[in-house]
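Read through the structure below, which is laid out as C-alpha cells, and then see the notes.
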Amino acid sequence: MLVLPLGGFCQFNQQIQVDVVYLASEELEGRATGTPSEGRASEYIASRMKAIGLRPGASGGWFQAFRVPA
C-alpha cells in the first residue's frame, strides 16, 4: 500500500495527471500491441512504478511475456 503524507497528495495527484496525459497522447499513437508506441508506453509505466518505490514481480523484472491470439 502506498501511503503519502498529506502535503504529498497534491504532488502525487498532479503526477498522475501528467502520466495519463502522456499515455493518452497522440505521440503514443494508440499503443497497439507490438508497436513501437506500445513499447514506449510500457517502458514509461515501468519507470514510473520504479520511481514511486515499487519493486518488480516474481520474475525479477517489470515485464512478463505472453502470447496474443491473432
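Surface composition of the chain: carbon plus sulfur atoms hold 60% of the accessible area, using a 1.4 angstrom probe and ignoring ligands, DNA and RNA. Note that the range 21-34 has calculated 3J(HN,Hα) couplings of 4, 5, 5, 8, 6, 4, 4, 8, 6, x, 6, 4, 4, x Hz, one per residue in order, obtained from phi through the Karplus relation 6.51 cos²θ - 1.76 cosθ + 1.60 (θ = phi - 60°); glycine and proline are x. Report the longest stretch of the chain that contains none of the chymotrypsin sites (Phe, Trp or Tyr not before Pro) sitting in a DSSP loop with at most 13 other Cβ atoms within 10 Å. Counting at most 13 other Cβ atoms within 10 Å as exposed, the longest clean stretch of the chain is 1-62. Given the DSSP H assignment, sum -39500 (n - 2.57) over each helix run of at least 4 residues in the chain and divide by its residue total; what's the result at 222 nm in deg cm²/dmol, nearest 500? Value at 222 nm, helices only, nearest 500: -16500 deg cm²/dmol. Taking other residues whose beta carbon is less than 15 angstrom from the beta carbon of Ala24, and scoring Lys, Arg as +1 and Asp, Glu as -1, yields -2. To the nearest ten degrees, helix 36-51 and the longest principal axis of the Cα atoms of the chain are 30 degrees apart. Here the average projected area of the convex hull drawn through the C-alpha atoms of the chain stands at 6.0 nm².
The values are calculated or read from the model by the stated rules, or taken from the named source; none is laboratory data. Since the model is a prediction, treat every value here as computed from it, not as a measurement. Every residue, glycine among them, receives a Cβ derived from its backbone with ideal geometry; neighbour counts consider all protein chains shown. Heavy atoms of the whole protein, side chains included, go into the accessibility calculation; ligands, DNA and RNA do not. Shrake-Rupley method; radii C 1.70, N 1.55, O 1.52, S 1.80 Å.
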